[in-house]
Amino acid sequence: MIVHDLTFGSIAYLLLAARWTLLLSAIAFVGGAIGGVALALARTSPWLAARLAAGAFIQTVEGIPLLMLLFLFYFGVSLTGLRLDAWTSVTLALSLYASAFLADIWSGCIRSVPAGQWQAARSLALGYAAAMRLVILPQAVRIAVPPTVGFLVQLIKGTALASMVGFVELTRAGQVLNNMTFKPFVIYLIVALIYFAICAPLSLWSRRLEARLDRPHRA
Amino acid sequence: MNFSVGFVIAHLPELLRGAGLTLLLAMQAMLVGVAVGLVGCGLQLCAGRWARLAVQAWIEFTRNTPLIVQLFLIYFGLPEFGLRLSANLAALIGLGLYLGAFATEIFRAGIGSVGRGQIEAGRALGLGGFQIFRFVVAVPALKAVLPALGAQFTLIMLATSVVSTISADELASIANGLQTTTFRPFEIYLAASLIYLALALALRAMLTATAGAYVGRWRE
């Protein structure tokens, strides 16, 4: 067996693999946002059945480890006879995961808008859709940004688990490189630092936004 | 498509043993995590500037990198320095430090939530330093952190599945083992997922009930 040395080429290989981590996170976030909006609206809707169904869905997905969701999609899809590549099953699983957590965050933000706003909107003869769109959502979005950015960090870290179904992103690239060079500590430290470089600015941004939101309430 | 329920039932005892191992590991990780969090929080409040910076750097590193990479660093990386840990010990250390970083932040926020005026009021009443910490700071702070800490407990219980990647003993590992010997991955992982879901719901219900009971008692 040939043992390779760790070179600048290896670091470039890891940095290039980080593109797939970013792309995967972006797709999962967009997919999760679409599902999350629908679920958040269902969970805060006036119809009991929609509220219960959305709540049950969110609780179920949040109660199953992401690793299991990835395996379920990866192996479940082949059970139905459909042939999907790792890309499709991984993006589906991550989108489902993101949609449940985002729906949980966003429905909380919608509910945190004071009830008086609803009553004021209804007394102005706005219908449910108009009140939601013109009065509630603009206020909810303001509160929603910091925790959403915070969840994005959780999602980016979550994409590391896609390596377990053979999807080549940053973590998987680290494993491949380790198999060639047998320098696990340095390699995984570099991998960790690349994740850190992606996630730390987002965490900081989320904290700043939260601090800014807090200020007017304290004054 | 062939889906077999009987197959899952036949292997249920092994999966339930895995659930027991997962619960055990999660409980240990919670204990280690809370202990690490208390020490971290204590250092941040009392230690010198460099120690505080070091703790903050460790927290930021832990919170902004994936758990799986941290586990790889501990399990595969440390032996390079002659520190060879068993998979189970590496898993416990990894999970404990991971939870500990989040717990440190939660505890610090809890203590920060106690207003200055409260402490001054305690002093005005003639309470000593320890009494102020015990009655004015610790109890309200604990009350404030319980929901956030409970949420982290549930997350860490689910995160124990990640330690299957370094083949530590728990439910996901046992599911992996069954999967490779029986070639029925979907049934196995579906059953494992449902067990995790049951554990998560039970844990959440238990935490809510406990928090409710304690907060209720303190209010009186």
Please compute the alpha carbon radius of gyration of segment B:1-108, then divide it by the globular-protein estimate 2.2 N^0.38 Å. Two decimals is fine. 1.40
Average silhouette area of segment B:4-50, convex hull of alpha-carbon atoms, in square nanometres: 4.8 nm²
Any helix of chain B counts here only if DSSP assigns it H throughout, its Cα atoms span 30 Å or more along the axis, and its mean Kyte-Doolittle hydropathy is at least -0.5, and such helices are B:12-46, B:87-112, B:185-219
Regarding segment A:1-99, what is the average projected area of its C-alpha convex hull, in nm²? 9.3 nm²
With viscosity set to 0.692 mPa s and temperature to 37 °C, compute the Stokes-Einstein D of chain B, Rh being the Kirkwood radius across alpha carbon pairs; µm²/s, no decimals. 168 µm²/s
If contacts are Cα pairs under 8 angstrom and at least 6 residues apart, what is the relative contact order of chain B in percent? 30 percent
Any chance you could check the Cα centroid distance between segment B:170-193 and segment A:169-218 for me, in angstrom? 30 Å
Please work out, to two decimal places, the log10 of the ratio I(q)/I(0) at q = 0.11 Å⁻¹ from a Debye calculation in which every Cα of chain A carries one identical scatterer. -0.66
Overall Cα dimensions of the protein assembly as shown - principal axes, largest extent first, Å: 73, 59, 47
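What helices does chain A have that are whole DSSP H segments, at least 27 Å long along their own axis by Cα, and with mean Kyte-Doolittle hydropathy of 0.0 or more?
Long hydrophobic helices here: A:8-43, A:86-112, A:137-158, A:184-218.
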Going 7 Å from the Cα of A:T60 along its beta-carbon direction, which residues of segment B:192-214 have the amide nitrogen within less than 20 Å of the resulting point? B:192-205
What is the Cα centroid distance between segment B:93-114 and segment A:36-114, reported in whole angstrom? 28 Å
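FYI, it's all coordinate maths here, none of it is from the lab. Bear in mind the structure is a predicted one, so any value in this text is a computation, not a measurement. Quick reminder, even Gly has a Cβ in these numbers, built from the backbone with ideal geometry, and neighbours come from all protein chains shown.
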